[in-house]
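Have a look at the structure below before the remarks.
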Amino acid sequence: MRVYHADELGNVAVLGHSGSGKTSVIEAMAKRAGIIDKIGSIQSGNTISDYDDEEIKRQASVNMSIIPLEWDNCKVNLLDTPGNFDFVGEVEAALHACESAVIVVPSYKNISIGTKQAMYRARDKAKIIYINGLDNPDADYKEKLEQLKKTYGKVIAPIQVPIMHNNNKMIGYVNVAKMEGRIFKGEYTEPAPIPDEMMDEVMEVKEMIDEAVANTNDELLEKFLNEEPFTKEEISWALRQGVTNQTLIPVLCGTSNIGIQILLNSIVAFFSAAGDMCNSMVVENVDTKEEDLIGFDESLPPSLFIFKTIANPFVGRESIFKVCTGTIRTGMTLLNVNKNEVEKIQKLYMKRGKELIEVDELCAGDIGCMTKLSHSETNDTLCTLDYRVKYPDIKFSKPYYGKGIKPVGKSNEEKIASALNKLLDEDKTLNFITNAETKQQCIYGIGDIHLDSVVAKLKARFKIDVLLEDIIICYRETIQKAYTQRTKFKKQTGGHGQYGEVEIEFKPTHDYSTSYIFKEKVFGGAVPKAYFPAVEKGLVESVQHGVLAGYPVLGIEATLIDGSYHTVDSSEQAFKTATSMCFKEAMSKAQPCILEPYVTLNVYIDDQYLGDIMSHINKKRGRVLESDSLEDNLMKIVCYVPQMEIMEYAIDLRSMTQGQGFYDYTFTGYEIAPDLIAKRIIEMKK
Ligand SMILES: Nc1nc2c(ncn2[C@@H]2O[C@H](COP(=O)(O)OP(=O)(O)O)[C@@H](O)[C@H]2O)c(=O)[nH]1
Ligand SMILES: [Mg+2]
């Protein structure tokens with residue numbers, strides 16, 4: 001492949017519902033563009049894009065992959081993405097690196113969650129929709145198109161109408177923009193007349209396109225009003241304008257075998273080259289401390305942004321980047337501005353699927369790969385001292401779905417931690433922490449499928465067997481009633497004895513942010529002052545373990561009111577022990593109870609789901625505190641919920657909102673657990 005300049009190359013994210021055919025369509029494009037001799041299949045596990053063991057096993061994409069190809073003297077970097085919502089981090093990274101998106105829509109289902117998600121995520125990008133799988137017996141192109149129009153309105157521009165044989169096999173298509181028919185001959189197409197019976201359908205679409213063309217400028221509008229026909233050039237210019245301004249989304253159709261050429265043609269014809277996107281990036285100028293508005297400009301000094309890191313077991317760490325400005329060449333020394341460290345480019349690659357193809361240089365707008373960088377990670381900018389800039393971070397979805405992770409067989413905690421740290425490097429939607437209180441190792445991700453894939457990667461890449469278990473919740477204990485207890489500790493073991501007596505009043509404070517408050521109101525030296533610290537020490541130790549299930553105690557006030565001592569036998573130790581005994585006896589009589597942690601949960605959803613979300617929160621013993629309307633029908637609901645009830649919220653929310661909702665939460669405080677739940681918690685601890 002030759003060196004392509006910013007104005008001859010573009011980056012296209014391929015998005016859509018899981019199983020809609022993204023990987024297969026990309027495979028077909030790669031074949032059509034002459035990159036591979038033979039089309040691989042999902043079933044045989046030999047596509048260029050799904051090369052990872054985990055992808056072959058699942059027969060679905062898990063990681064983003066990059067397939068650069070040449071078409072019509074342009075370079076197109078296709079970024080294949082997983083459709084499953086759990087791998088949203090890959091989609092977020094891919095979209096960050098792409099100027100445009102192809103949305104692959106299955107032809108036989110309703111407008112699916114995955115389609116809506118993809119359209120939403122790519123809302124700021126130029127888009128083409130590809131209706132795939134027209135060879136499927138249940139395929140219904142017209143129905144699909146109607147649904148798209150109903151959901152997205154006038155922007156939907158079907159520039160291609162399929163010619164079907166017996167209503168179920170696509171044998172060609174009408175290119176409505178050009179008003180010409182084409183019939184498939186193997187991989188290629190031949191011109192053919194537009195079938196008479198299709199004329200009505202085609203004319204309807206033609207009118208839509210003409211209207212769209214008329215709306216692009218005054219000159220064309222006048223032509224339209226005068227009923228003068230547009231030239232092919234005018235139509236294609238107007239379509240390109242519409243696509244780049246995002247007022248038009250061309251709809252194409254076919255299968256993962258046919259219709260591929262027009263898709264490639266359209267990508268090159270309608271999408272902007274990276275170099276055409278002037279003023280498309282706001283960057284932080286490290287020297288001037290101001291924001292610069294720049295494009296993918298080859299004339300500026302070189303800089304690049306790392307949007308993906310892969311822990312390759314054979315070559316080490318791969319850093320995948322987009323060249324933002326200038327030209328990147330082997331041998332260059334660049335500064336990582338985020339880490340303030342220098343990196344030398346030993347070798348430069350173009351990555352295609354799993355393959356690393358060595359290149360000498362890459363121009364602004366292009367995507368490349370470096371290996372063995374020592375300091376750099378995803379979201380870092382590398383640049384020269386001439387122009388020190390920092391590109392904005394990819395805003396990855398934050399992980400809130402957690403599970404404990406425990407070793408099985410020969411693996412152990414240290415091995416798990418070291419392998420997970422490598423995976424954290426490649427996946428910014430993953431988190432790993434060891435809970436200080438429970439000592440449980442916990443991983444947090446987007447959902448159950450995400451965490452399952454982490455377990456599979458640990459096994460496949462690091463030969464580590466693990467099991468996931470529920471997160472251990474840290475409960476607390478308190479009392480609900482005041483109680484005064486007098487306790488004497490007396491021991492006579494020949495010679496020196498032990499003696500201490502305390503009378504302590506215990507009261508609930510209802511303030512669960514502190515463990516205890518210690519006071520004393522002793523009259524007439526019943527307990528000498530010198531022993532007060534010993535009493536408090538006894539208290540400090542005692543509140544570590546409540547009487548119900550051994551959880552730390554919160555929210556009590558303990559006042560030492562009386563007691564007695566012995567001039568010879570009393571000691572600090574004796575008063576400490578007396579206090580501990582007193583505490584235990586008092587607690588069980590002061591109506592002890594379990595406190596459970598509560599979180600403030602923020603849920604972001606489309607307003608149509610408001611009712612469902614609220615009633616679900618009620619069922620989960622939560623309270624809705626407030627709800628706000630944000631832009632675009634988006635609502636934020638703030639709730640106060642017991643932590644134990646939202647451990648599976650990622651899954652609950654996904655099913656309630658067709659995968660569209662997202663959430664976050666923070667620990668807020670403790671509340672008294674209802675009896676039945678307290679019983680269960682105590683049972684579990686036994
Ligand atoms: N019949 C038919 N099957 C297809 C088509 N495109 C993809 N498939 C099959 O659909 C399944 C999912 O395809 P895949 O490319 O993995 O979808 P992705 O999840 O969107 O990447 C695979 O079994 C493909 O062989 C198509 O146009 N027609
Ligand atoms: Mg795929």
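Readers should treat all values here as calculations from the given coordinates under stated rules, not as data from a laboratory. Keep in mind that what you see is a predicted model, and the values were worked out from it rather than measured. Counting neighbours? That spans all protein chains shown, and the Cβs are built from the backbone with ideal geometry, glycine included.
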D_trans [Stokes-Einstein, Kirkwood Rh over alpha-carbon pairs] for the range 84-203, 20 °C, 1.002 mPa s, µm² s⁻¹: 135 µm²/s
Values of log10 I(q)/I(0), in the order q = 0.09, 0.15, 0.18 Å⁻¹, for the range 398-531 under a Debye, Cα-only, solvent-free model: -0.55, -0.77, -0.99
Stokes-Einstein D in µm²/s, Kirkwood radius over Cα pairs - the range 476-590 at 20 °C with 1.002 mPa s viscosity: 153 µm²/s
Count of Lys pairs (Cα-Cα under 17 Å; at least 8 positions apart or interchain) in the range 468-557: 8
Filtered trypsin sites (Lys or Arg not before Pro), the range 276-340: DSSP coil and at most 15 other beta carbons within 10 Å: 289, 339
Net charge dipole size for the chain [Lys, Arg +1 and Asp, Glu -1 on Cβ; Debye, nearest 20]: 3320 debye
Ratio Rg/Rh, restricted to the range 595-685 and using Cα atoms, in which Rh is the Kirkwood radius: 1.02
At R0 = 35 Å, FRET efficiency that the Cβ-Cβ distance of residue 358 and residue 412 yields, to 0.05: 0.35
Ranking of 328, 320 by count of other Cβ atoms within 10 Å, fewest first: 320, 328
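If I take every Cα pair under 8 Å that is 6 or more residues apart in the chain, average their sequence separation and divide by the length, what percent do I get for the relative contact order?
For the chain, the relative contact order is 10 percent.
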Relative contact order, percent, the range 401-469 [alpha-carbon distance under 8 Å, six or more residues apart]: 47 percent
Ranked 188, 665, criterion: other C-beta atoms within 10 Å, fewest first: 188, 665
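How large is the helix-only mean residue ellipticity at 222 nm for the chain, computed as the sum of -39500 (n - 2.57) over DSSP H runs with n ≥ 4, divided by its residue count, in deg cm²/dmol to the nearest 500?
-8000 deg cm²/dmol
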Per residue, the convex hull volume that the Cα atoms of the chain enclose (Å³): 216 Å³
Computed P(r) (all Cα pairs; the range 12-59; 5 Å bins; percent): 5, 23, 30, 26, 14, 2
Summed side-chain charge close to residue 276 - residues other than residue 276 whose Cβ falls under 13 Å, Lys, Arg +1, Asp, Glu -1: -4
Cα convex hull of the range 11-130 - mean projected area over all directions, nm²: 7.1 nm²
Full-extension gain in nm, residue 198 to residue 312, via 0.36 nm per residue minus C-alpha separation: 35.8 nm
For the range 264-305 and the range 326-347, distance of Cα centres in Å: 19 Å
Base-10 log of normalised Debye intensity for the range 332-399 (one unit scatterer per alpha-carbon) at q = 0.26 Å⁻¹: -1.31
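Just the ratio, please: alpha-carbon radius of gyration of the range 284-390 over 2.2 N^0.38 Å, N its number of residues.
Values: Rg = 13.1 Å, N = 107, 2.2 N^0.38 = 13.0 Å.
Normalised Cα radius of gyration, the range 284-390: 1.00.
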Alpha carbon convex hull of the range 195-313, projected area averaged over orientations, nm²: 13.5 nm²
12 Å Cα-Cα reach of residue 232 towards aspartates and glutamates, excluding residues that sit fewer than 8 places from it in its own chain: 180, 210
Pair-distance profile P(r), taking every C-alpha pair of the range 6-276, with 5 angstrom steps and integer %: 1, 6, 13, 17, 20, 18, 13, 7, 3, 1, 0, 0, 0
Convex hull of Cα atoms in the range 401-469, direction-averaged projection (nm²): 4.2 nm²
Order of 545, 165 under a 10 Å beta carbon neighbour criterion, fewest first: 165, 545
